[in-house]
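Reviewing the structure listed below.
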Number of protein chains: 2
Amino acid sequence: MKYVFTDRMSNVKASAIREILKATADPHMISFAGGNPAAEAFPVKEIEKISADILSHDPISVLQYGITEGDKGLIEAATSFFNRHEQALKDGDKMLITSGSQQIMEFAAKCLCNEGDIVICENPSFLGALNAFKSLGAILKGVEYKDGQLDLEALETILKQQPKPKFMYLIPNFQNPTGMTMSLEVRKKVLELAKKYEVLILEDNPYGDLRFEGDAIPSMKSLDQDGLVIYAASLSKIIAPGMRVACCIGPEEIVNKFTVAKQASDVHSNLWAQKVMARYLTEYDMDAHIQSIQKIYKDKCQLMLTEMKKYFHPEVEYTKPTGGMFIWVTLPKHIDMQLFVKKALEKNVAVVPGNAFLDDDTKECHSFRMNFSTPTDAKIKEGVKILGQLTYDMY
Amino acid sequence: MKYVFTDRMSNVKASAIREILKATADPHMISFAGGNPAAEAFPVKEIEKISADILSHDPISVLQYGITEGDKGLIEAATSFFNRHEQALKDGDKMLITSGSQQIMEFAAKCLCNEGDIVICENPSFLGALNAFKSLGAILKGVEYKDGQLDLEALETILKQQPKPKFMYLIPNFQNPTGMTMSLEVRKKVLELAKKYEVLILEDNPYGDLRFEGDAIPSMKSLDQDGLVIYAASLSKIIAPGMRVACCIGPEEIVNKFTVAKQASDVHSNLWAQKVMARYLTEYDMDAHIQSIQKIYKDKCQLMLTEMKKYFHPEVEYTKPTGGMFIWVTLPKHIDMQLFVKKALEKNVAVVPGNAFLDDDTKECHSFRMNFSTPTDAKIKEGVKILGQLTYDMY
């Protein structure tokens, strides 16, 4: 039997990252390729305690079918949490609990993009989201995002096009893969453009609470007064990703449509995870917990940057994130990045080739992504030294 | 801001069942409308024990990101389990762990149906699956399924069409909504047709283990020697649906494509649920557990049928299931089914109007669905009596 797959799925390759991660199953490998939160940051004891309590006192509530919209207690707790410093959810908005933020990306494309419709993204941007958009037949148009600057002229040129793009996908805080953060000024300008051209924004904010330097910048969702922003607020990076819970906040009409999509997709998200998270958010000191994560990430990032400064060839450029989990490294033009990544892997150090994060992965690219949240301090030191040597060897 | 949604999603209404279920939140309501497993059938103590053990000894394994394919232990345990009486997974096949069977329906349409492609279904069939297919732009063609007979001539007429349909969606055991089971003979004939016309079969088997009378009939998956069948094997009805775990078994090439779809959809399923289920399947006596569920369902079904025989007008017809959770009731033609359902709801008894399960819900329909797994014995008696009175009042 010869199997024929759909056009939309033929645009999606198995994630380049996941293929590299398979190589990193080797215990000798030093992996800077993943995007896992530091395991020591998980509130293990608290989750164990809450879980035991729920399973002994109210087990049916997590074992029976639930409602698609999400557990009421979690919606309440998450609304308070995401509204604690700013108004992310306001009048006319609604929250939908999803199986991770990834699902929000898929619903956005499924509900907003007919096949062939355009989605604007930062170039580079988060591979998993780009794949979700492509898997529903959307066409990506990347706007250069470099040195903290989004090319607003190029953005406006695309926004002007007819038929009009369906939404812009943006990660304003500590972006994956670059670690860069969009300034308040740029956020406001992008919102103005969104309003002028009536194009929605899908704001992905998994890393916002992982800021370890400087002051928080308001989310585009909180700045929006015109129902232009759909907000993906994840709990994966501040509680635990294996639980697969995120919160979609947006204008009621859009969230209702996403809810219908969720019925058809997985009926509802795992209830144990929803109930445990609801109680963790309400019964524990989230600010103290987040501060302890920030401390871990700050130390790891600073260590990686210090070692990079020590060992990398001075002509290698890289971002200096003030939060998040990633550093974006750009090699001098005459070094072949793909060859560099391949040689690094031969020396047991894994990084992700930067072209994987472009709207079109066949474009020329001299960058790669490094993750500092997962490896131990010893591995960071050892791995950076090996990569540094390679920047000299291949210079 | 005026929001414009996609063509594919405009075909999908919020589930008729879920709207009725909202009415049943009223504690005075007797609901035969749901499709929940009996809560007394959940292995509560065992799940509590396994969960505590995992969270105290290996918490990171359920809190950190996992792999898309699914937990290795669960794949192993589920393979043994679903292969215990027949060979569901054979050489050349692979298993993917999904977030409930609903996700398998979505992946089938996403990976196999371009917009406008045809999916064949039994008429009536499971609403949630039909919505998943429609939400990806597939066109449904129903084949009449009545008195245990699938109209094979009508099926062949559709299979002959060009362009060729992409797959047939079938629920051979204790079908939702009718409770009917397809004979071995018909299964074999449908497989022959699938082979002749090279059209895949998506076999949904959530209720197979809920047989309380007669002998099991081999799954179409186990009968297939030509890589024609994708098998959706759920754990929701025999362990717990709120955990959202199912197993997709199919030819490796197809399951690999579904795995790419899953990466873009929710990365992986909740790990706590996967690990708990893996251990439950291996450490406990599943056969004894399943027998205890069968006993509960047999008693509830027999009670409902006995009461229906006692109170329903003799011209009302209904299926006599030998397993599963549903009975399909057909009113005499001169009774308006929609009005009947409305009047029943006014008398605080909820059932689901049958047209919701048709390929085209505007078609004439005289049937409705009743569920016997969720209500208590007292509610079954009380509700059937009210419905019975209504069959006379409206005759």
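Read-outs: derived from the displayed coordinates by stated rules, not from any lab. Keep in mind the model is a prediction, meaning the values are calculated, not measured. Methodologically, a virtual Cβ is constructed for each residue, glycine included, from the backbone with ideal geometry; neighbour enumeration extends over all protein chains shown.
Annotations for the structure displayed:
- Per-q log10 I(q)/I(0), the range B:64-283, q = 0.13, 0.14 Å⁻¹ (Debye; single scatterer per alpha-carbon; no solvent): -0.70, -0.81
- Closest approach to the B/A rotation axis among chain B Cβ atoms, residue and whole-Å value: B:N270, 2
- Remark: chain A carries a charge dipole of roughly 680 debye about the Cα centre, counting +1 on each Lys and Arg Cβ and -1 on each Asp and Glu Cβ.
- For the range A:64-283, size of Cβ-based charge dipole, Lys and Arg +1, Asp and Glu -1, in debye: 380
- Hz values of 3J(HN,Hα) by residue in the range B:113-120 - Karplus curve (6.51, -1.76, 1.60), Gly and Pro given as x: 10, 5, 4, x, 6, 9, 10, 8
- Its Cα gyration tensor gives the range B:331-395 an equivalent ellipsoid; the semi-axes, largest first and in whole Å, are 21, 15, 9.
- Ascending list, in nanometres, of distances separating the B:K347 label from those of the other copies (7 Å, Cα toward Cβ): 8.1
- Among the trypsin sites (Lys or Arg not before Pro) in the range A:271-333, those placed in a DSSP loop whose Cβ has at most 13 other Cβ atoms within 10 Å are A:K333.
- Once the Cα gyration tensor of chain A is diagonalised, semi-axes √(5λ) in Å: 32, 27, 21
- Residue of A:A138, A:A38, A:A264 that the Gaussian network model of chain A assigns the largest fluctuation, springs spanning Cα pairs under 10 Å: A:A264
- The range A:307-329-the range B:85-112 distance, computed between alpha-carbon centres (Å): 43
- Expressed in units of 2.2 N^0.38 Å, where N is the residue count, the Cα radius of gyration of the range A:284-343 is 1.47.
- Evaluated with a Cβ-only charge set (Lys, Arg +1; Asp, Glu -1), the protein assembly as shown carries a dipole of roughly 80 debye about its Cα centre, given to the nearest 20.
- Remark: mean inter-chain Cβ contacts per residue of A:232-245 equal 4, using a 10 Å Cβ-Cβ cutoff to other protein chain atoms.
- Less than 5 angstrom separates the built amide H of A:V229 from those of A:I201, all sequence-distant by 5 or more or on a different chain.
- Under-5 Å amide H pairs with A:S31, H placed in peptide plane, nonlocal only: A:A350
- Summary for B:D53: label point 7 Å along Cα→Cβ; distances to the equivalent points in the other copies, ascending, 2.5 nm.
- Based on every Cα atom in the protein assembly as shown, Rg and the maximum pairwise Cα distance Dmax equal 26.9, 90 Å.
- Each copy carries B:E317; placing its label point 7 Å along the C-beta direction from Cα gives inter-copy distances of 7.6 nm, listed from smallest up.
- At most 16 other Cβ within 10 Å, DSSP loop - GluC sites (Glu not before Pro), the range A:171-258: A:E198, A:E213
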